[in-house]
Structures are given as structure tokens and as C-alpha cells.
Amino acid sequence: MNSDAQKPHVAVLGGGPCGLYAARVLSRAGIAVTVLDKGDRPGGLATSHKRGENWYDLGCHMLHEFDKEIYEDMMSIMGSDSIPVQLDARIRWAGAFYRYPLQFQDMIRGIPIATLIYYTMGLFAAQFRNMLAPWIPKNAEQALIMLYGRPLYEFFFKDFTHRYWGIHPSELSATFITTKMPRLSAVDVIKRALGKVGVKDRGVKAVESALLDETLHYSRTGAEAMPRHIARVVNDSGGKVILGAEVTRILLDDSGTRVRGVCYRKDGTDHEIACDECISTIPVPHLATRCEPLPPDAVLEAARQIRYKPIAIYGLLVKKQRCIDALYIYYRDRAFHRVGEPKNAGLTVNPPDHTVLIVETTCEIGDDKWKGTDEVKQRIFSDLEHENICRREDIVEVNILHSETGYPIFALGFEPHLDKVKRWISSITNLQSVGRQGGFTYPNMHSAMRMGACAAEAAMARLNKKGASPAS
Ligand SMILES: Cc1cc2nc3c(=O)[nH]c(=O)nc-3n(C[C@H](O)[C@H](O)[C@H](O)COP(=O)(O)OP(=O)(O)OC[C@H]3O[C@@H](n4cnc5c(N)ncnc54)[C@H](O)[C@@H]3O)c2cc1C
């Protein structure tokens, strides 16, 4: 029990959307909760950072409305700080712009008929093969071919996937496709047509993507407003959100089956808190290697095999009213894979006749993109010029933001390693590892928040079973 009387206390490791929302649910129910986050702002990946007079998102982040309960809660918490925005995204592909998500009618308009027939034939061939002899893809390359056919794979997915991850699709797991790859609605239309003539889709399923007619939510200060408001209501309900607090050790009891406390370092000083339940949203290998005592060697070895792809986000201040005709645009063959202009979603920019671009790249820690060498900047500026987004002389500020754990890497054969670590974590009865980093998954913000809510409810159910009464 928490030293302060007989009140149950939950430690939440990580204050991104998942951890913050877990704390929101717990503090609303009167449970004492402490969120520890190493960052200087709440929100994890889903925040923005102020540089000079402007806010720059760590990758453009807008809330989807899909989870009604969470959405309504967020609207009541954020009030007028939330701005509804119509989804308006594009894909730059083969010299043309397509709406995102990709629409069948756009595709027909943009792609020469011969090419379209070639892709459709490829899709037919893939479908017939799946129907006649169902097969299980061994890697992401095979899963993409099974899903979209070889011609579309070769044309659209192969190079892009390779450049994005720095890993050839044949070395990525098929699970990657089912959990990360957005579904091409154009392909769905063809598949529906095939279904009508009796050709059923028995292949792997790609993840549902954004909807064409969708309202997203943003703010005048970018992504940072939502996590800031959640942290505020957690604090107002008696919880604590401690920033600049790096979790260094997770202390297990003598039996090794319960977390009894957590150590963190803040401003160079070590602190320890006791807890009855622990919800971890920090990267799953970091959790395993910071437990005391350490897990068995086989689990530690498995944890070492679990990797993340870092991201370097270039936040540019540009002397131009508007650069792109969308909220964001995906690119296949540039130094960046997405460029967002958050001013088009309501971001306040100073001075007002300037705009902010969020240029997203994947990288390795310490490489040229991570460091932002002159050569990389010039490549980005040149690609922006080629795409008629802005001229290099109009770029007046470059701010580089990083995350070491931007994307979980579903490398070939990662599943048994992850299973081994997760199985060990589940042997600790009051510990849950959830969210994007802790679950090693690809949720959007609302799904990460739902994971946090579910973890909070599971923790409360256990605390209730033990007969502990909530903090007053
Ligand atoms: C480029 C990009 C764009 C995206 N755009 C959108 C979008 O528009 N809409 C959307 O819904 N989703 C979007 N997402 C997904 C969104 O970022 C995630 O769903 C969300 O951030 C997951 O929340 P989380 O709390 O699980 O993880 P995170 O946000 O990663 O939070 C984990 C937290 O743990 C903390 N932490 C790690 N180690 C420690 C430690 N040792 N001690 C203390 N704290 C620690 C980190 O500081 C971080 O705050 C995007 C993701 C990316 C990469």
C-alpha cells in the first residue's frame, strides 16, 4: 500500500495519450495515481514543442472521432481549445495528386487505362490464387502481393516500404501489413466487385484507414493542447503528472511476481514511489531491462530483439501564407514521406503571414537525418522546391524534433521474441504493459487512450477485489 494511509496507488509509466488517459480514468474514479514521464511536456509522440514563437508537432497529430466516449470526454475537457477540421489529405503518386484515402474514381482518372488494367489483372491473379490455393504469407512482401497483386506491389509498395523502414519488405513480418498498412479503398472497390461475381477475398486483411469524410480535432497550439488538458484534469482530480521524470527501476517484491515500487530520476535526484498497480506505456524492452530483479537471460535476449524506428521531424517556419492545398500530403520518392501544414487545420503562426511545415522522416539515431546535417537539409529543401511547396529562400527557421521510438519495427521473426517478453510481464500480477510502446502496436491516439482506459479498469477491478477503498 501507499505509505500515506491505506489508499491504493497506481503508478503510470509514460505520459503519452495512453498513460494520460489511464490516469484520467483512475483519478476520475478517486484512485490515487502518479504519471511519470521523462519528457518536458505531457503527450509523448502526440504533442508539439514551442520553438521561438511557434508550436511544432512531433509529426502532425489530429484526433479521430472514432471512439465516441473518448471523443466526447475530450471535447468536454478541451472546450473551445478544440478545433474541428475536415480531413483533407493527399497522396502524391506517379506525378499526380490523389485524395487520401485513395479513391477508385481518382485512380481511374489519374492512371493510364493500360496501367490500370495491368494492376487489376494482378489483383485478379492474386485473388484467384488465394481462392484456389489459400496460402499464408511468410513476410510483408508476400502479404502485400497477396493483398494487392504483384504489379501494384512492385509499383507502389516495394520501394516506398523499403525506404520508409530501411528494411526490404521480404525482411518485414506479414503482421506489419495487417496492423500498419492502410487499406486502399480503391482496391476494396475492386475486391467488392470481385466478391459480387463470386471471387471471395481470403487473403490477409489490411488495417482500416482514415475515412474520406471525417472530422478530425486539432488546436491553435497544435497537438500539445489535448495532452496538456488531460494532465490538467488528472491534477485537478488529485492525481499527479510528474514531467522530466525518467523511470529508472521497476522494483519487484521478493516473490518476483508483484511490482512494489518505481524509481525515477528528476533533476539529477533519484526518487522512489510505492504502488499497488503499475501501468507501463514505456517501450517494452526498456520495461523488461529496468525491472529489479532482472528477468531471466532468455527474456532479456528476446527484449534485445525488439526494435523501434526513430523519427526526425523537421519543423520549418516559411515566409509564405500557405504552401500546400491540404492538411498533409504523403510522398513516395522524396527525402520525406509526409509534409503537413498545420496552419490549414487552425494552428496560430507568428508572424501571421508565415506558415509552418511539418516534414516527417524516418532515420537511425545519430545518422545524418537525425543530426540534420546541411546535406540532409539541402536535400529536403530541394525536394520541397521540386514539389512546388516552397522556395529554399523562404525557409526562415528549421527546428528538428526527435523520437527514438517512433514506430515499432515488425522485423521478420519478431513475434516469438515479443511473446516471450510479454509472457514474462504477464507473470507479474499487478503490471500491465500497454499503448504504442508498451504493447508494441500501431494505435492512433484514440485507440491508445482506449488501451489506457482498459488498463485502468483492469487495475481498478483488482484493487476492488482486494477490498481497497479509493483515495478520498
Ligand atoms: C509521425 C506520426 C504521426 C501521427 N499522427 C497521428 C494522428 O494524426 N492521429 C492519431 O490519432 N495518431 C497519430 N499518431 C499515433 C500517435 O502518436 C500514437 O497513437 C500515440 O502517441 C500513442 O500513445 P502512447 O501513450 O501509447 O505512446 P507515446 O506517445 O509514445 O508515449 C509514451 C511515453 O512514454 C514516455 N517514456 C518512455 N520511456 C520513459 C521512461 N524511461 N521514463 C519515463 N517516461 C518514459 C515517453 O516520453 C512518452 O511520453 C502518429 C504517430 C506518428 C509517429
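Residue under question is L287, and the condition is that it be outside any strand (DSSP E or B), without any contact (Cβ under 8 Å) to a residue 60 or more places away in the chain and out of contact with any Lys or Arg (no Cβ under 8 Å at 6 or more places or on another chain); does it hold? Break it down stepwise before answering.
Values: outside any strand (DSSP E or B): yes; without any contact (Cβ under 8 Å) to a residue 60 or more places away in the chain: no; out of contact with any Lys or Arg (no Cβ under 8 Å at 6 or more places or on another chain): yes.
So L287 fails the test.
Of all residues in the stretch 118-149, how many are free of Cβ contacts under 8 Å to residues at least 40 places away in the same chain, over 21 Å from S173 (Cα atoms) and within 31 Å of the chain's Cα centre (by Cα)?
Residues in the stretch 118-149 being free of Cβ contacts under 8 Å to residues at least 40 places away in the same chain, over 21 Å from S173 (Cα atoms) and within 31 Å of the chain's Cα centre (by Cα): 1 in total.
One line per residue, one yes/no per condition, for (1) out of contact with any strand residue (DSSP E or B) (no Cβ under 7 Å at 6 or more places or on another chain); (2) within 16 Å of the ligand (Cβ to nearest atom); (3) among the hydroxyl-bearing types (S, T, Y):
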position	(1), (2), (3)
K266	no, yes, no
P295	yes, no, no
L300	yes, no, no
Y314	no, yes, yes
R322	no, no, no
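Where in the stretch 49-149 are there strands (runs of 3 or more DSSP E), lying fully within it, with 3 or more residues that are in the same structural domain as N444 (by TED's automatic domain parsing) and within 16 Å of the ligand (Cβ to nearest atom)?
Working: elements: 54-57, 83-86, 89-93, 96-100.
So the answer is none; nothing clears 3.
Which residues, taken from the stretch 105-158, are among the aromatic types (F, W, Y) and modelled with pLDDT of 80 or more? Walk me through how you get there before you give the answer.
First pass over the stretch 105-158, keeping only residues among the aromatic types (F, W, Y): 118-119, 124, 128, 135, 148, 153, 155-157.
Answer for the stretch 105-158, where residues must be among the aromatic types (F, W, Y) and modelled with pLDDT of 80 or more: Y118, Y119, F124, F128, W135, Y148, Y153, F155, F157.
Being crowded, with 18+ Cβ neighbours inside 10 Å, touching an Asp or Glu at 6+ places or on another chain (Cβ under 8 Å) and at pLDDT below 95: is that true of L102 here?
Details: crowded, with 18+ Cβ neighbours inside 10 Å: yes; touching an Asp or Glu at 6+ places or on another chain (Cβ under 8 Å): no; at pLDDT below 95: yes.
Answer is no for this residue.
With the requirement that a residue be within 18 Å of A11 (Cβ to Cβ) and surrounded by 21 or more Cβ atoms within 10 Å (Cβ to Cβ), what does the stretch 413-427 give you?
Scanning the stretch 413-427 gives no hits.
For every residue, the table says whether it meets (1) outside the structural domain of H162 (by TED's automatic domain parsing); (2) over 25 Å from Q86 (Cα atoms); (3) crowded, with 17+ Cβ neighbours inside 10 Å; (4) among the hydrophobic types (A, V, I, L, M, F, W, C).
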position: G315; (1), (2), (3), (4): yes, no, yes, no
position: D333; (1), (2), (3), (4): yes, yes, no, no
position: T348; (1), (2), (3), (4): yes, no, no, no
position: V376; (1), (2), (3), (4): yes, yes, yes, yes
position: H386; (1), (2), (3), (4): yes, yes, no, no
position: D394; (1), (2), (3), (4): yes, yes, yes, no
position: I400; (1), (2), (3), (4): yes, yes, yes, yes
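Pick out the one residue from E397, E457 that is farther than 22 Å from G15 by Cα and either touching a Lys or Arg at 6+ places or on another chain (Cβ under 6 Å) or away from the ligand (no atom under 15 Å from the Cβ) (or both).
Criteria check complete, one pass: E397.
Going residue by residue through the stretch 414-434, is there one that turns out to be more than 7 Å from the ligand (Cβ to nearest atom), within 20 Å of the chain's Cα centre (by Cα), within 19 Å of K38 (Cα to Cα) and of a type in the set (G, A, S)?
Scanning the stretch 414-434 turns up at least one residue that is more than 7 Å from the ligand (Cβ to nearest atom), within 20 Å of the chain's Cα centre (by Cα), within 19 Å of K38 (Cα to Cα) and of a type in the set (G, A, S).
Against the conditions (1) touching a Lys or Arg at 6+ places or on another chain (Cβ under 6 Å); (2) without any contact (Cβ under 8 Å) to a residue 40 or more places away in the chain; (3) under 26 Å from S48 (Cβ atoms), where does C263 fall short? Just the number, please.
(3)
Given the structure, is I358 modelled with pLDDT of 95 or more, in a strand (DSSP E or B), within 29 Å of G439 (Cα to Cα) and within 19 Å of the chain's Cα centre (by Cα)? Let's see the steps before the verdict.
On the way: modelled with pLDDT of 95 or more: yes; in a strand (DSSP E or B): yes; within 29 Å of G439 (Cα to Cα): yes; within 19 Å of the chain's Cα centre (by Cα): yes.
Yes: the conditions hold for I358.
The values are calculated or read from the model by the stated rules, or taken from the named source; none is laboratory data. What you are looking at is a predicted structure, and each value in this text was computed from that prediction instead of being measured. Note that we place each Cβ from the backbone using ideal geometry, even for glycine, and neighbour counts take in every protein chain shown.
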